[in-house]
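Asker: Structure in structure tokens, see below.
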Amino acid sequence: MNKNLWLLILSQIFAFTAAPVTVFLSGIIGSQFSPIKSLATLPMALSIVGIAIFAIFAAKLMSIIGRRSGFIFASVGTSIASLLAAYSIIIESFILFNLGCFLIGGGVAFSHQYRFAAVETVDKEMAPKAISIILLAGIGSAFIGPNLANISKEIIPQHLYAGSYIALAALTLTSTIFLFFYKDSHKKNNIIKKSTRSYFELISQPRFLQALVASAFAYAVMSFLMTATPISMHVMEKISLAKTGFVIQLHIAAMFLPSLITGNLIKKFGHSKIMYAGVALFSITILISLFEQNFLNYLIALIFLGLGWNFLFISGTSLLVLSYKEEEKFKAQGFNDLIVYTVQSIASLSAGVFISLTSWKTMNLVCIIFLIIIAVSTLRADFKEKR
């Protein structure tokens with residue numbers, strides 16, 4: 001725990017509030033403004049599309065201007081996008097709200113680079129712990145963001161939730177305070193010109209592919225079910241907004257709280273075993289979905305969904321760090337995030353269609369396909385290494 005890592009943690013807490021607030025409110029606001037029921041989750045999906053589209057741009061920009069300038073640029077941009085979302089609620093424009101969520105997603109794409117910045121502050125063997133620690137900051141984001149959004153939702157009378165996005169604009173801008181004290185190791189005039197491998201060569205490595213698949217499909221399963229949860233609980237099952245918000249908060253806490261031990265578990269048991277454990281945790285979520293859809297079952301299912309994501313995403317990210325050369329880091333990181341969040345955006349976009357045309361149980365059963373893909377890619381990489 002050095003000074004730079006502490007500053008990244010504090011900055012991440014405020015910068016990442018955009019993600020849980022979007023999860024908490026976008027589907028509900030979308031269901032109010034959307035002219036078509038199945039498009040209620042479009043704002044959430046477009047925020048993830050924004051993450052995917054801006055992923056390579058974020059890595060490329062940071063390779064030029066450095067981590068600190070990149071994070072400050074993103075925080076200011078996310079704050080402006082949040083104000084745009086607030087304005088769209090005031091004028092009741094579904095199209096403008098979608099644009100605001102898309103741009104907020106672009107800011108979140110930069111926030112996801114915090115985990116790679118954390119790795120750069122420590123030795124490579126400490127990468128799993130550094131990633132775990134920086135992701136642990138998500139717990140603060142999960143409670144600060146939705147709680148403040150809920151408290152401030154009625155700041156502007158007759159325009160419910162406009163105040164929530166004004167509060168979000170202030171939160172994301174706050175992250176820049178800590179970044180001014182962050183010491184960026186990036187050297188603008190020291191550009192490494194060594195030859196780097198192509199994207200095909202990178203993905204041809206069994207371990208790189210294993211890391212990519214684990215992260216991408218962990219996000220696909222998590223996003224597919226999490227995006228549909230507020231609609232399924234609050235809109236379809238008539239469970240209160242307070243209880244729905246509580247489930248989302250505990251889900252996000254479950255995504256990040258295990259980070260206290262995940263790094264140590266990876267170091268002790270290895271990446272593959274933790275990935276198998278993640279698949280097993282996801283399986284529990286699917287199993288619970290076969291029972292009655294009530295508050296307690298949603299709560300338990302979403303907690304295990306968060307735990308499974310944590311194991312798979314941290315093990316996938318830390319394995320990725322070990323599978324590329326130093327001069328390839330921005331290229332590999334940008335490509336990884338592009339694939340991960342593209343897959344996530346497809347899953348999130350389809351969630352609204354699935355929940356309106358099928359059922360919560362069917363959505364969970366569909367996720368079995370993704371679990372099989374993760375398990376097979378991990379088995380393949382283990383087999384190749386043994387050979």
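Asker: Just reorder ARG387, ARG115 by solvent-accessible area, largest first, 1.4 Å probe, all chains present.
Answerer: The most accessible residue leads, giving ARG387, ARG115.
Asker: How large a share of the accessible area of region 111-154, in percent, is made up of carbon and sulfur atoms when the probe is 1.4 Å and the other protein chains stay in place?
Answerer: 59
Asker: On to the next question. From a point 7 Å beyond the Cα of ILE36 in the direction of its Cβ, which residues of region 327-366 have a backbone N at a distance under 20 Å?
Answerer: It comes to 345-359, nothing else.
Asker: Using θ = phi - 60° and the Karplus relation 6.51 cos²θ - 1.76 cosθ + 1.60, list the HN-Hα couplings for region 309-318 in order, rounded to whole Hz, with x at every Gly or Pro.
Answerer: For region 309-318, the Karplus curve yields 4, 4, 4, 6, 6, 5, 5, x, 5, 5 Hz.
Asker: Still on this structure: Pairs of Cα atoms under 8 Å, at least six residues apart: use those to get the relative contact order of the chain, whole percent.
Answerer: Answer for the chain is 27 percent.
Asker: Determine the calculated [θ] at 222 nm for the chain from helices alone, applying -39500 (n - 2.57) to every DSSP H run no shorter than 4 residues and normalising by the residue count; nearest 500 deg cm²/dmol.
Answerer: Result for the chain, helices only: -26000 deg cm²/dmol.
Asker: I'm checking a number: the convex hull volume of the Cα atoms of the chain, normalised per residue, in Å³. What is it?
Answerer: Looking at the chain, the number lands at 122 Å³ per residue.
Asker: Enter the accessible area per residue of region 57-191 (Å², integer; probe 1.4 Å; all protein chains in place).
Answerer: The answer is 43 Å² per residue.
Asker: A further question on this structure: GNM, the chain, Cα, under 10 Å: largest mean-square fluctuation among ILE139, ILE288, ILE65?
Answerer: Largest GNM mean-square fluctuation: ILE65.
Asker: From the residues ALA149, GLY163, THR174, which one has its Cα farthest along the dipole of region 74-212 in the positive direction, the dipole being from +1 and -1 charges on Cβ of Lys/Arg and Asp/Glu about the Cα centre?
Answerer: THR174
Asker: Measure off 7 Å from each Cα along the Cα-to-Cβ vector at ILE284 and ILE91, then give the distance between these two points in nanometres to one decimal.
Answerer: 4.8
Asker: For a label point 7 Å from the Cα of ARG387 along Cα→C-beta, name the residues of region 194-228 whose backbone N is under 16 Å from it.
Answerer: Flagged as within label range: 204-210.
Asker: Hull surface divided by four, with the convex hull built on the Cα atoms of region 89-203: how many nm²?
Answerer: 11.0
Asker: Taking a quarter of the surface of the convex hull around the Cα atoms of region 237-367, what do you get in nm²?
Answerer: Projected area, direction-averaged: 9.0 nm².
Asker: Tell me the accessible surface of TYR182 in square angstrom (1.4 angstrom probe, heavy atoms of protein chains only), to the nearest ten.
Answerer: 10
Asker: Against the empirical 2.2 N^0.38 Å scaling, what ratio does the C-alpha Rg of region 169-279 come to?
Answerer: 1.53
Asker: OK, next. Modelled label-to-label distance, THR362 and TRP6, 7 Å Cα→beta-carbon offset: nm?
Answerer: Calculated label separation equals 5.4 nm.
Asker: Whenever you get a sec, line up ASP123, ASP184 from highest to lowest accessible area (probe 1.4 Å, protein heavy atoms).
Answerer: Ranking ASP123, ASP184 by accessible area, largest first, yields ASP123, ASP184.
The values are calculated or read from the model by the stated rules, or taken from the named source; none is laboratory data. What you are looking at is a predicted structure, and each value in this text was computed from that prediction instead of being measured. Neighbour counts run over all protein chains shown; Cβ positions are idealised from the backbone, glycine included. Just so you know, the surface numbers come from the protein's heavy atoms only, side chains and all, with ligands and any DNA or RNA stripped out. Shrake-Rupley method; radii C 1.70, N 1.55, O 1.52, S 1.80 Å.
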